[in-house]
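The values are calculated or read from the model by the stated rules, or taken from the named source; none is laboratory data. As the structure is a prediction and not an experimental result, all values here were calculated from the model. Cβ coordinates were reconstructed from backbone atoms using ideal geometry, including for glycine residues, and neighbour counts include every protein chain displayed.
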Amino acid sequence: MEPFASPHNLDKELHSLLLEASSNLCDWFADTSNQFPIPESFDLPEISPEIDGVSNKVLLKDLQVLMNGSFRPSHPGSLAHLDPPPLSASIVGELICSGLNNNLLAEELSPSLSSLERNLCKWFCKKLGLGNLSGGVAASGGSLSNLMALVMARNIAGLESDPNAIFFASDDCHVSFTKAVRIMGLKEDSFQKIPTDEKGVLDISCLSSRLKKIKAEEKKCFAVVATLGTTVRGAIDPVSEIAKLCQKEKIWLHVDGAIGGVYGLSKITSEIAKGLGSADSITINPQKLLGIAKTSSLLLVGNQNHLSSTFSTGLPYAEPVSGNEFHGGELGIQGTRSAESLKLWIGLRQLGEKGIEKILSDSIKRRTYLESMIDSSKYKTISGPLHLLALTPTNYSASQASDWSIKTRNSLLKNKFMLSRPFYEDRYYLKVVLGNPNTKFDDLKLLANLINDSVT
């Protein structure tokens, strides 16, 4: 087989390869419930290229080896992380995206797809309540979206050359903000954390006091981060209250809505995302719940001009974009990038608004049901209004909780349930993420019974 598809006629060998590979993938999905969420062991095929390229038969065989050793997000017992099964349309979108191989660096390299991304970002902005000047850009994940938001906030504040500039976020914020400090050349104490209350929510009064304190010390704050869905318990910071404070102090508000931002897409769940329209920037990751194949993250901004004013360097090697638009490579840190918005767009089109609504509401129903089945006399459970739940034995010491979490997680894996084991509040918990649509109430009843029986 020629390694490149023919541009002149139907490439029958490519057609055959895609059909067989697709069939193998479908078989892999179909066999998932008979397997474990993660393999007990796995092999690797040959890594290095041979002198002569191998046949399609060999390639497909090697692919199968890797597939057999892969994590199975579609498994009903896959409840450890924010990794739901992919939508069928999103899988197709990923395939087409790879085949087109367009580059969102420049308009001429992705004519329709660059326009698709801009308009899709505007749709998200409208649904979440951002104004007429809003827009956005796709990124390779929430960590990059958060980094770009902070770089932009510092730039707009005129503090891009100040290593002492400060930003605030809660104790429970995502680890990506610690990485951002290192990347941005900020001093370690530039990132100041605000305590959370008993619900895992940022303490607004403490934030207010800290802002007054740094103002009295003549220090500069360029951003406050509110988290819409913390990683362990899914807590929601008071976005509306934080927004009022930021507006008063003229400080950029970034909302890390990587987990919970999608709840703002439905009227039924929009109360969870109340206040998003007041943010200056928002990170949202449809991959974490809506079944969009990885990666799928957006950085949305209240004023899209802030993206170009921060990141545009000009693209002298590309034809200018018509109108007031900018090339995709001028709207963020990334230059070359694939048209990941295609699989997001086609996935949302497949779902429709009712399908989106069902995914969101069902995820909360699963969390509520499981929480009701856990024996409250044995366990402390922590959660927010989203689809995350963490638990730890009430009467165990930290050491005992650690031993319990290891033993119970391993035992649950043998029963085809995969939970994660986060360290939180100085002890280990087991965390359940209820975003998997293949997980039914009967599965959760069995899971609850197994958990309840793990503490005597």
Next item on the list: Keeping to the range 29-58, report how many residues are under 27 Å from Pro85 (Cα atoms), free of Cβ contacts under 8 Å to residues at least 40 places away in the same chain and outside any loop (DSSP other than H, G, I, E, B).
Entry: 2
Margin query: Within the range 5-16, does at least one residue satisfy the condition of being touching a residue at least 40 places away in the same chain (Cβ under 8 Å) and within 29 Å of the chain's Cα centre (by Cα)?
Written below: no
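Can you tell me which residues in the range 370-392 are part of a helix (DSSP H, G or I) and in contact with a Ser or Thr (Cβ under 8 Å, 6 or more places away or on another chain)?
Taking the range 370-392 and keeping what is part of a helix (DSSP H, G or I), we get 370-373.
Once the filter is applied, which keeps residues that are part of a helix (DSSP H, G or I) and in contact with a Ser or Thr (Cβ under 8 Å, 6 or more places away or on another chain), the range 370-392 yields only Glu371.
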Next item on the list: For residues that are touching a residue at least 24 places away in the same chain (Cβ under 8 Å) and under 23 Å from Tyr424 (Cβ atoms), tally how many sit in the range 179-202.
Entry: 12
Check: Of all residues in the range 343-364, which are within 23 Å of Ile96 (Cα to Cα) and under 17 Å from the mean Cα position of the chain (by Cα)?
Finding: Lys343, Leu344, Trp345, Gly347, Leu348, Ile356
Next item on the list: State all residues of the range 87-115 that are closer than 19 Å to Ala139 by Cβ and either under 21 Å from the mean Cα position of the chain (by Cα) or not in a loop (DSSP other than H, G, I, E, B) (or both); if no residue qualifies, say none.
Entry: Ser90, Gly93, Glu94, Cys97, Ser98, Leu104, Glu107, Leu109, Leu113, Ser114, Ser115
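Among the residues of the range 163-186, is there at least one that is farther than 30 Å from Asp203 by Cβ and either more than 20 Å from the chain's Cα centre (by Cα) or at pLDDT 95 or above (or both)? Break it down into steps so the answer makes sense when it comes.
Pass one, the range 163-186, residues farther than 30 Å from Asp203 by Cβ: none.
The answer is no; no qualifying residue exists.
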Margin query: Here's a check for you: in the range 133-142, which residue that is out of contact with any strand residue (DSSP E or B) (no Cβ under 6 Å at 6 or more places or on another chain) and modelled with pLDDT of 95 or more is nearest to Gly329 (Cα to Cα)?
Written below: Gly135
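For the range 232-271, give me the residue count where each residue is basic (Lys, Arg) and in a loop (DSSP other than H, G, I, E, B). Walk me through it before giving the result.
Taking the range 232-271 first, the residues basic (Lys, Arg) are 233, 244, 248, 250, 267.
This time we only want the ones that are in a loop (DSSP other than H, G, I, E, B), so: 233, 250, 267.
Looking only at that region, the number is 3.
Pick from Ser270, Ser281, Ser240, Ser308: which is among the hydroxyl-bearing types (Ser, Thr, Tyr) and buried (at least 21 other Cβ atoms within 10 Å of the Cβ)? Before the answer, list the steps.
Values: Ser270 fails: buried (at least 21 other Cβ atoms within 10 Å of the Cβ); Ser240 fails: buried (at least 21 other Cβ atoms within 10 Å of the Cβ); Ser308 fails: buried (at least 21 other Cβ atoms within 10 Å of the Cβ).
None of the other options fit; the residue is Ser281.
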Check: In the range 216-256, what residues are in contact (Cβ under 8 Å) with a residue 40 or more places away in the chain and among the small types (Gly, Ala, Ser)?
Finding: Ala223, Ala226, Gly229, Gly234, Ala235
Notebook entry, point to check: Residues of the range 67-89 being in contact with a strand residue (DSSP E or B) (Cβ under 9 Å, 6 or more places away or on another chain) and under 17 Å from Leu413 (Cβ atoms), which ones?
Noted result: Phe71, Arg72, His75, Gly77, Ser78, Leu79, Ala80, His81, Asp83
Item checked: Subset of the range 319-342 (residues that are farther than 18 Å from Lys122 by Cβ and not in a loop (DSSP other than H, G, I, E, B)) -> Gly329
Next item on the list: State which residue pairs qualify: first residue farther than 14 Å from Lys267 by Cβ and modelled with pLDDT of 95 or more and inside the range 354-375, second residue of a type in the set (Gly, Ala, Ser) and not in a helix (DSSP H, G or I) in any location, beta carbons under 7 Å apart, and separation of 6 or more residues or different chains.
Entry: Ser363/Gly435; Arg367/Ser383; Glu371/Ser383
Check: Within the range 156-176, is there a residue that is surrounded by fewer than 16 Cβ atoms within 10 Å (Cβ to Cβ), part of a helix (DSSP H, G or I) and not aromatic (Phe, Trp, Tyr)?
Finding: no
Check: What is the residue count in the range 393-421 for residues that are of a type in the set (Gly, Ala, Ser), surrounded by 14 or more Cβ atoms within 10 Å (Cβ to Cβ) and not in a helix (DSSP H, G or I)?
Finding: 1
